[in-house]
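Reviewing the structure listed below.
The values are calculated or read from the model by the stated rules, or taken from the named source; none is laboratory data. Just so you know, these numbers come straight off a predicted model, no measurement behind them. With ideal geometry, Cβ positions are generated from the backbone for all residues, glycine too; neighbour counts draw on all protein chains shown.
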Amino acid sequence: MNHSFFHRRPYLYCMSCLAVWAFLSARTPALSQEADPEAQGLKIALDARERGEGFGDFTASQTMVLRNRGGQESRRQLRLQVLEVPGDGDKNLFVFDEPRDVKGTALLIHAHREEEDEQWLYLPALRRVKRISSSNRSGSFMGSEFAYEDMGTPEVEKFTYRYLREEPCGDLTCTVSERIPVDRRSGYSRQEVWQDQQELRVWKVHYYDRKKAHLKTLTVADYRQYLDRFWYASTMTMVNHITGKSTTLTWTELQFQNNLDDNDFTRTGLRRIR
Amino acid sequence: MRWGAALVHIVLVSIWVALFGVAPGSSAPPIDYDFSGRLSLEGRWHPQSGAFPEQSRHASGVLAEPEFHLEDARGRSFSLTPFFRYDSADPLRTHADLREAYLLVFGQTGSGEWELRLGVDRVFWGVAESRHLVDIVNQTDLIEHPDEEEKLGQPMAHLTWSADWGVVEVFGLPYHRGRTFPGPGGRLRYSLVVDDDNPLYESRANQWHFDVAARYSHSLGPLDIGASVFDGTSREPHLQPELNSGGVPFLRPYYGQIRQLGLDAQLTLDAWLLKLEAIQRSGARNIRGVEQNYGALVSGFEYTFYSVWGSAHDLSLLGEWNYDGRGGNATNAFDNDVFVATRWAPNDVQGTELLAGIMFDATRSSQVVSLEFNRRITDRWSLSVESIAFPRVEESDILHETRRDSFFSFSLIYNF
């Protein structure tokens, strides 16, 4: 009678970083023209990273609305807090509020630039903290059109780059660059990224699957500036061209300078999550 | 419903005032209030009639587990989680418990942190899936589920220090909870009924023996490791046959004083999870009622194929070996058993998950098959289907008396 089985509630495992970094502030104007498109693409990525540094910490709420081809909707509600770690990947904590069967489930991520990320999942039904694998890249995040790797920190080291062209995007002028994931576990062969020249904010990403087909398009809108420096978007829509499904991710209650420190991102802290 | 919520609010606020001497709202720190939980309608069906005439083939039931939580701006909190179960077939399975009622405070010490939990709480230790070997703080609510994952609330003082050198936890456990067992009408029981109302204790303090436990855990890159010690009243009873005043035989639980050293470790390498739990226990009686020191372990792996065949589906394979140094004298069915399972998660909007496993005895031919299926129906309703089957149980196996008790259960759960 003693055999034991797993978790009572469905749960998420193996999620990669969810923090979205692409939306960064800028102080320097457009890039100088360079002959080598690889070097130029890399320079854009490094500049964008540098401009995003120094935010310290933030907390936010996220709402995801998942739509299928028939227009049927499903909602996800989560909270997150992020701590900047100078010289390394950030620490992230996500707490799920809806759907209610996963309420209280929490995901702790210590992201790294070079080594594998470390991830722990808190399963409230068993009061269990479980170390999970961070190797899931291409899987769907909470059934949405965002894959784990789309939510994750696009660490500069995890791609190779190529500058493609310049073109107008809305009232702005954007650079279009290609980035190719280094990780063979990625679900993408390449991505095309539209960034405005002024602030290096990401406005659009085209994702190409392993068969080189145009799989998904991310559209980013409603940028707001925080602490007079950092640009963060409020609305991100991912459309899957193969399935016709889409997901809209809305950020609310973004707050900086909460005096968070390492103690807010520990395994013992996970057990206190509500 | 509105009145109920108001009443609950008044009770919780009163507790808060009693604990902290500050009325929420009256002073600066704002109070966060959270009310959540689950209600479940359940049915259990046994394809075979029971081995004993009192047993029925069907049981229906209701479960309620509301959670109340109060928290102030400094993070101090009070949590209350009662549990209720109604069962149509076994009056003993109709039971209530206080799963949690604790006060939590925490703060900084140097570069680290301390945390104190006072009251009734649940604690989980371990990494394995087929069995939770090192997990010993809470008593098993066995009548609730045979998988030994359901736990009764345990009164405790639980102090934690954590810093970059790891986490140290100390537990003071002033009161022992007795294990719950099915009554005469319940399935999944022994041929003799366990009378859990009148247990025997080795300690003269009976259930009031002050048990202590401690655990050190740390995370070093891909390795998560924990070492634990428990000294006090065994959570696992020895069941000794006796005759009641009417001359009817029954089983009386005996709780001895034991000491357990535990080790749990997990190595996380890419999509591999390599797991080990091991214990060394002294002072416990074996199946023959003789004290025997012993060691036991469960060790294995979990490997996940993500996005199999270009789909959104994840497929995990699990394998674990259970070993108990007492062999045929072990008090459980895990003396030398192998567990193999697969978990399938299509990563759909409904969060569908299917888990199928089989535990087979490496020395006998006994097998236990398990199936668990979970799926959301809406954002609030979800469905759970479960089956445990005993296709083959040898007469010498400890599970032999439950061989006719294979079941399917269906739960319709409302999460709020």
(request) Test A:GLN81 against the criterion of being in contact with an Asp or Glu (Cβ under 8 Å, 6 or more places away or on another chain), within 14 Å of another protein chain (Cβ to nearest Cβ), of a type in the set (S, T, N, Q) and farther than 23 Å from A:ASP262 by Cβ, and give yes or no. (result) no
(request) Mind listing just one residue for me: the one in the stretch B:261-285 that is over 28 Å from B:THR233 (Cβ atoms) and touching a Lys or Arg at 6+ places or on another chain (Cβ under 6 Å) and, of those, surrounded by the most Cβ atoms within 10 Å (Cβ to Cβ)? (result) B:THR268
(message) Just to be sure before I move on: is B:ARG288 surrounded by fewer than 20 Cβ atoms within 10 Å (Cβ to Cβ), charged (D, E, K, R), away from chain A (no Cβ under 11 Å) and closer than 25 Å to B:ALA362 by Cβ in the structure I sent?
(response) yes
(message) So A:PRO181 passes all but one of these: (1) more than 24 Å from A:GLN40 (Cβ to Cβ); (2) buried (at least 17 other Cβ atoms within 10 Å of the Cβ). Which condition number does it fail?
(response) (1)
(request) Return a yes/no flag: does the stretch B:198-214 have any residue that is farther than 29 Å from B:LEU274 by Cβ and facing chain A (nearest Cβ under 10 Å). (result) no
(message) Quick check on the stretch B:357-364. Is at least one of its residues touching a Lys or Arg at 6+ places or on another chain (Cβ under 7 Å) and touching a residue at least 12 places away in the same chain (Cβ under 8 Å)?
(response) no
(message) If I go through the stretch B:52-68 residue by residue, how many of them are assigned to a loop (DSSP other than H, G, I, E, B) and of a type in the set (Phe, Trp, Tyr)?
(response) 1
(request) Provide a single number: the residues in the stretch B:379-405 that are among the hydrophobic types (A, V, I, L, M, F, W, C), touching a helix residue (DSSP H, G or I) at 6+ places or on another chain (Cβ under 9 Å) and either at the interface with chain A (Cβ under 9 Å from one of its Cβ atoms) or farther than 22 Å from B:GLY43 by Cβ (or both). (result) 2
(message) Can you find a residue that is more than 14 Å from chain B (Cβ to nearest Cβ) and in a strand (DSSP E or B) anywhere in the stretch A:122-142?
(response) no
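Here's the yes/no breakdown for (1) of a type in the set (Asp, Glu); (2) closer than 22 Å to A:GLU253 by Cβ:
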position	(1), (2)
A:ALA39	no, no
A:ARG79	no, yes
A:GLU84	yes, yes
A:ASP90	yes, yes
A:VAL95	no, yes
A:LEU107	no, yes
A:HIS110	no, no
A:ASP117	yes, no
A:LEU126	no, no
(message) For the stretch B:150-176: of the residues being without any contact (Cβ under 8 Å) to a residue 40 or more places away in the chain and surrounded by fewer than 21 Cβ atoms within 10 Å (Cβ to Cβ), which is nearest to the other protein chains (Cβ to nearest Cβ)?
(response) B:PRO155
(message) Looking only at residues that are free of Cβ contacts under 8 Å to residues at least 24 places away in the same chain and part of a loop (DSSP other than H, G, I, E, B) in the stretch A:98-121, which one is surrounded by the most Cβ atoms within 10 Å (Cβ to Cβ)?
(response) A:LYS103
(request) Determine whether A:THR268 is more than 14 Å from every other protein chain (Cβ to nearest Cβ) and crowded, with 16+ Cβ neighbours inside 10 Å. (result) no
(request) Test B:ASN293 against the criterion of being in contact with a strand residue (DSSP E or B) (Cβ under 7 Å, 6 or more places away or on another chain), more than 9 Å from chain A (Cβ to nearest Cβ) and free of Cβ contacts under 8 Å to residues at least 40 places away in the same chain, and give yes or no. (result) yes
(request) Would you check which residues across the stretch A:194-204 are hydrophobic (A, V, I, L, M, F, W, C) and free of Cβ contacts under 8 Å to residues at least 40 places away in the same chain and list them? (result) A:TRP194, A:TRP203
(request) Taking the options A:LYS91, A:LYS130, name whichever one is at pLDDT 90 or above, of a type outside the set (Asp, Glu), crowded, with 19+ Cβ neighbours inside 10 Å and in contact with an Asp or Glu (Cβ under 9 Å, 6 or more places away or on another chain). (result) A:LYS91
(message) I'd like the full set of residues that are aliphatic (A, V, I, L, M) and within 14 Å of chain A (Cβ to nearest Cβ), limited to the stretch B:252-284.
(response) B:ALA265, B:LEU267, B:LEU269, B:ALA271, B:LEU273, B:LEU274, B:LEU276
(request) Search the stretch B:95-123 for residues being without any contact (Cβ under 8 Å) to a residue 24 or more places away in the chain and touching an Asp or Glu at 6+ places or on another chain (Cβ under 9 Å), and hand back the single one that is nearest to the other protein chains (Cβ to nearest Cβ). (result) B:GLN108
(request) Run B:ASP147 past the list (1) touching a Phe, Trp or Tyr at 6+ places or on another chain (Cβ under 7 Å); (2) under 29 Å from B:LEU41 (Cβ atoms); (3) more than 10 Å from chain A (Cβ to nearest Cβ) and report the number of the one that doesn't hold. (result) (3)
